[in-house]
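Asker: Input: one structure, supplied below.
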Amino acid sequence: MSGDRKKHPGEAYRFPKRDVRLKTLPPPHLRSLSSNDYLGLSRHPQVIEASIRAIRESGTGATGSRYLSGNHVLNGALEESTARFKTSGAGKAILFSSGYHANLAVMSFVGEPSGMIFSDEDNHASLIDGMRLTKATRIVYPHNDWDFVRDFLKKHPARAPIIVTESVFSMKGDRAPLRELYEIVAMTGGLLVIDDAHATGTMGKSGRGGLEQQDLPFDPDHMIVTGTFSKALGSLGGFAVLSERAEKLLASVARTLIYTTALPPGVLAASLEALSLIEHSPKRVESLQESSRYWQCRLTGRESDSPIIALTGDPAHLSELSNKMALRGFHLPLLTYPTVSQGEETLRLSVNTSWDETVLSAIEDILTPKEKKGS
Ligand SMILES: Cc1ncc(COP(=O)(O)O)c(C=O)c1O
């Protein structure tokens, strides 16, 4: 008798209408077409071998925070490799348990003294949550509208303003105007925080990320770059790269570093091996960019080498395409609110270098717009 049921305290919250509980995704017989393992490195034999070796040598868990028992030697090795890969030695790296933790740490760290943060309206939840931890004034600017930020600062000058953006946006797959945003912070003595989660391993001629793609050097005085090993590197864990001074400060205050268990050795070893594979054979990245350019053009008409292809339009039609893909054995779910804004339902296809003929023909048959077929 539902009328007699006592209300659970959690029911006071307003839940989205969609059922967002965790599901087993994808069912074992479906292959995912929206995975972030762009280069297929999560199944690379050398990555698997390195991980198994580290587990055999050091066990499965880190057994504590890095400040207590968990500072395995692989942490330092991965920090060094990450700093070299992302900044050519101009900055230092700190590892976190995930990209989410890295963004929480960085945003709460930079927001406090600055007082003013400009945040792209499409920024990832982890950046938003990090900003919520500070008392800084947050100004959400229209997507990629650097003119808005520049004009705002002309009218309301601020000391050391912070601009935060993703380099490649996780849902739309488009990229941020990093050069223009950087010019604003360089001129105003501010800081540009770049979330390179989806660009690391996918963008720039050797996969170094958004800065390499836009031909900008890492500037430790005006930039912090964050990212994750959980996407193109096929592993787990986050990082921030920053100046030596900022690294020392952040490492001494970051709650998501100090008060949590460190990454386990098997995960660190996998990330290290994946990074080395990308550094030593940029052909992988080249081939991803070539396929991305081809499929972006074929499916959306866009000229882009972003591996994230966002198909939008009538949700009923998108849902039908998703079902057709499932019948062919592929999992390509329709993204709905709150993952994307209401009215922006999306099929998010992630290009992957390990796609074989069966995947390619399903995409060709089902997703390629009719009028484009044979063109
Ligand atoms: C843009 C962006 N930033 C940060 C993250 C968080 O990374 P992680 O999965 O390592 O926590 C994600 C992943 O969803 C992301 O898409």
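Asker: Hey, among the residues in the stretch 211-255 that are away from the ligand (no atom under 13 Å from the Cβ) and of a type in the set (S, T, Y), which one's most open to solvent (accessible area, probe 1.4 Å)? Lay out the reasoning, then the answer.
Answerer: Taking the stretch 211-255 as the starting set, the residues that turn out to be away from the ligand (no atom under 13 Å from the Cβ) are 211-224, 241-255.
Keeping just the survivors that are of a type in the set (S, T, Y) gives 243, 252.
Details: S243: 22, S252: 75 Å².
Going through the qualifying residues, I end up with S252.
Asker: Related question: So is E180 touching a residue at least 24 places away in the same chain (Cβ under 8 Å) and more than 19 Å from the chain's Cα centre (by Cα) or not?
Answerer: It is true that E180 is touching a residue at least 24 places away in the same chain (Cβ under 8 Å) and more than 19 Å from the chain's Cα centre (by Cα).
Asker: On the basis of being open to solvent by less than 70 Å² (accessible area, probe 1.4 Å) and modelled with pLDDT of 95 or more, does G115 make the cut?
Answerer: On the way: open to solvent by less than 70 Å² (accessible area, probe 1.4 Å): yes; modelled with pLDDT of 95 or more: no.
Considered against the rule, which asks whether it is open to solvent by less than 70 Å² (accessible area, probe 1.4 Å) and modelled with pLDDT of 95 or more, G115 comes out as no.
Asker: Looking at (1) in contact with a Cys (Cβ under 8 Å, 6 or more places away or on another chain); (2) surrounded by 13 or more Cβ atoms within 10 Å (Cβ to Cβ), can you tell me which one E303 breaks?
Answerer: (2)
Asker: If I ask for residues that are assigned to a strand (DSSP E or B), away from the ligand (no atom under 16 Å from the Cβ) and of a type in the set (S, T, Y), which ones from the stretch 112-138 would you list?
Answerer: Within the stretch 112-138, T137 is the sole residue that qualifies.
Asker: Go through the stretch 154-176 residue by residue and tally those that are under 30 Å from G313 (Cα atoms) and either open to solvent by less than 20 Å² (accessible area, probe 1.4 Å) or among the small types (G, A, S) (or both).
Answerer: Keep residues of the stretch 154-176 that are under 30 Å from G313 (Cα atoms), which gives 164-176.
This time we only want the ones that are either open to solvent by less than 20 Å² (accessible area, probe 1.4 Å) or among the small types (G, A, S) (or both), so: 164-170, 173, 176.
Total meeting the criteria: 9.
Asker: Restricted to the stretch 177-210, and to residues that are hydrophobic (A, V, I, L, M, F, W, C) and within 11 Å of the ligand (Cβ to nearest atom), which residue is nearest to A246 (Cα to Cα)?
Answerer: Taking the stretch 177-210 and keeping what is hydrophobic (A, V, I, L, M, F, W, C), we get 178, 181, 184-187, 191-194, 197, 199, 203.
Restricting the remaining residues to those that are within 11 Å of the ligand (Cβ to nearest atom) gives 194, 197, 199.
Values: I194: 15, A197: 20, A199: 23 Å.
So the residue we want is I194.
Asker: Could you list, in sequence order, all residues of the stretch 43-72 that are touching a helix residue (DSSP H, G or I) at 6+ places or on another chain (Cβ under 7 Å), surrounded by 16 or more Cβ atoms within 10 Å (Cβ to Cβ) and within 30 Å of Q213 (Cβ to Cβ)?
Answerer: Of everything in the stretch 43-72, those that are touching a helix residue (DSSP H, G or I) at 6+ places or on another chain (Cβ under 7 Å), surrounded by 16 or more Cβ atoms within 10 Å (Cβ to Cβ) and within 30 Å of Q213 (Cβ to Cβ) turn out to be H44, V47, A50, S51.
Asker: How about the stretch 73-111: which of its residues are surrounded by fewer than 22 Cβ atoms within 10 Å (Cβ to Cβ), more than 15 Å from the ligand (Cβ to nearest atom) and outside any helix (DSSP H, G or I)?
Answerer: The answer is S88, G89, A90.
Asker: Can you tell me which of L318, L311, L349 is surrounded by 12 or more Cβ atoms within 10 Å (Cβ to Cβ), on the phi < 0 side of the Ramachandran plot and part of a helix (DSSP H, G or I)? Walk me through how you get there before you give the answer.
Answerer: On the way: L311 fails: part of a helix (DSSP H, G or I); L349 fails: part of a helix (DSSP H, G or I).
Result of the check over L318, L311, L349: L318.
Asker: Let me ask something else. What are the residue pairs meeting all of these: first residue in the stretch 209-233, first residue over 15 Å from R179 (Cβ atoms), second residue open to solvent by 40 Å² or more (accessible area, probe 1.4 Å) and among the acidic types (D, E), Cβ atoms under 8 Å, and 6 or more apart or on different chains?
Answerer: From residues that are over 15 Å from R179 (Cβ atoms), the pairs are P220/E244.
The values are calculated or read from the model by the stated rules, or taken from the named source; none is laboratory data. Everything numeric here is computed off the predicted structure, so don't read it as measured data. Note that each Cβ is placed from the backbone with ideal geometry, even for glycine, and that neighbours are counted across all protein chains shown. Quick note on the areas: whole protein, heavy atoms, side chains included, nothing else; ligands and nucleic acids left out. Shrake-Rupley method; radii C 1.70, N 1.55, O 1.52, S 1.80 Å.
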